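Reading through the structure tokens given below for one structure.
FYI, it's all coordinate maths here, none of it is from the lab. All values reported here derive from a predicted model rather than from experimental measurement. Cβ placement follows ideal geometry from the backbone for every residue including glycine, while neighbour counts extend to all protein chains displayed.
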Amino acid sequence: MALPSNPAWKALFEYVANTPDAFSNHENVQLDPERKKWLEAAINGSVIDENKHVQNLLDAITRPDLDEETTLQYLDALLTSIERLDIANNLHKYDPDGWLPLLHVMRSHDSTPATRAAAAQVISAAVQNNPVAQAEAMKRDVLAAAAECVTNKDPGVCSAGISVLSTMTRANPGILAQTIESEVLQNCLSVAMNTVINEPLDSNQHFRLALRVVFYLSVTLSQLKDDLRAKMISSNQPMREMICRLSNKIIDHARSKLEDFDGRVMDLAEKTLTMLQQLPRQDLDLCGTTACLSRLDGALQEVSEDAGLMADENDAASVNEMMTLVKGLMRS
């Protein structure tokens with residue numbers, strides 16, 4: 001068994017291993033003063049001051065002499081720490097303000113695509129389902145930073161920007177309303193959808209971007225009501241057309257991959273079909289989506305009749321679910 005890497009924990013481990021009699025029963029063990037002092041020092045030396053650790057990481061990530069690999073390591077360490085609610089809630093209390101170095105890396109043209117995306121991931125983790133952190137992030141214009149990422153040509157950065165928008169708005173109706181009223185959300189989603197439409201889905205990064213956009217759209221559209229729904233989609237024909245164009249791309253891609261039974265592709269297709277339930281049938285007809293659905297329906301029918309391809313129960317269930325969704329959309 002490998003020894004702990006922390007020197008204090010290593011010493012403590014060796015101490016316990018070498019003095020088994022001291023820990024052989026559940027009675028209180030009386031240590032002599034010298035040994036007790038050593039043991040307390042070993043335990044105290046192993047405890048990390050989490051706040052100091054986070055402060056050091058925040059101070060380091062904006063240093064101009066850091067290379068990409070080191071910056072990513074620091075951001076990954078921050079991601080681990082930020083998942084603690086108390087750290088995320090008190091990020092603004094660091095000196096300087098802990099949000100600022102993260103936003104600097106996320107927005108700076110000197111940052112690489114990988115470090116921009118990683119900084120956005122830390123911010124997403126901080127604000128997810130966290131109204132306190134969301135409020136602090138809003139004070140620091142995090143939505144503008146997310147929008148800048150979405151417009152970046154790198155699909156990884158774009159996807160990270162969508163992630164920040166998603167975690168800021170998905171469980172916060174007030175922020176969601178604000179992004180729709182200001183059209184920040186519509187503009188960002190249009191840019192992201194256009195990126196997916198114009199690039200091959202065989203690229204892993206573009207595929208992940210498509211999955212993130214479709215998932216976010218599906219959840220958001222299903223929650224909208226009244227005026228917000230009208231502004232977002234009902235009275236927004238360009239947005240509906242863009243959603244149809246995105247769906248056409250994904251449906252045709254899924255149809256071409258049916259025999260491969262790629263689980264990721266099938267999952268994306270199912271989410272897309274569910275999203276289309278939010279649109280009126282006339283949009284599907286005008287944008288060629290109904291024709292795409294008809295082609296997919298035919299391909300699914302062929303696959304369902306192939307005993308070899310349908311031997312796997314999970315694959316068969318996925319095909320049947322997609323057939324149900326397709327036929328439902330074509331009947332609507």
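Using θ = phi - 60° in the Karplus curve 6.51 cos²θ - 1.76 cosθ + 1.60, the 3J(HN,Hα) couplings for the range 186-203 round to 4, 5, 5, 5, 5, 4, 5, 5, 5, 4, 5, 4, 9, 10, x, 6, 5, 6 Hz; x is entered for Gly and Pro. Here the label points at residue 227 and residue 301, each 7 Å from Cα along the C-beta direction, are separated by 4.7 nm in the simple model. The spread of Cα positions in the range 51-195, taken along each principal axis and listed from longest to shortest, comes to 40, 31, 20 Å. Computed over the chain, the percent of Cα pairs more than 29 Å apart is 53. The calculated 222 nm mean residue ellipticity attributable to helices in the chain amounts to -22500 deg cm²/dmol, summing -39500 (n - 2.57) over DSSP H runs of n ≥ 4 and dividing by all residues.
May I ask you to derive the relative contact order of the range 90-236, considering only C-alpha pairs under 8 Å and at least 6 residues apart, and to give it as an integer percent? Present the calculation step by step, with values, prior to reporting the outcome.
Working: 157 pairs, mean separation 28.2, N = 147.
About 19 percent, as a whole number.
If only the Cβ of Lys and Arg carry +1 and only the Cβ of Asp and Glu carry -1, the dipole of the chain around its Cα centre is close to 1020 debye. Remark: 332, 304 ranked as 332, 304, counting other beta-carbon atoms within 10 Å and listing the fewest first. The length gained by stretching the chain between residue 315 and residue 135 to full extension, at 0.36 nm per residue less their Cα-Cα distance, is 60.4 nm.
Rounded to whole Å and ordered largest first, report the semi-axes of the equivalent ellipsoid of the range 235-332 derived from its Cα gyration tensor (root of 5λ). Mind dumping the intermediate values first?
On the way: eigenvalues 125, 29, 23 Å².
Over the Cα atoms of the range 235-332, the ellipsoid semi-axes are 25, 12, 11 Å.
Across the alpha-carbon set of the range 145-225, the Rg to Rh ratio works out to 0.96, Rh being the Kirkwood radius.
Run the numbers for residue 259 and residue 68: contour at 0.36 nm per residue of separation, minus the present Cα-Cα distance, in nm. Please list the in-between numbers first.
Numbers: separation 191, 0.36 × 191 = 68.76 nm, distance 4.01 nm.
Length difference between fully extended and current span is 64.7 nm.
The overall shape of the range 65-112, judged from the alpha-carbon gyration tensor, is oblate: a/c is not under 1.5, and a/b is no greater than b/c. Positive-end ranking of 320, 265, 290 along the dipole of the range 259-332, with charges on Cβ about the Cα centre, is headed by 290.
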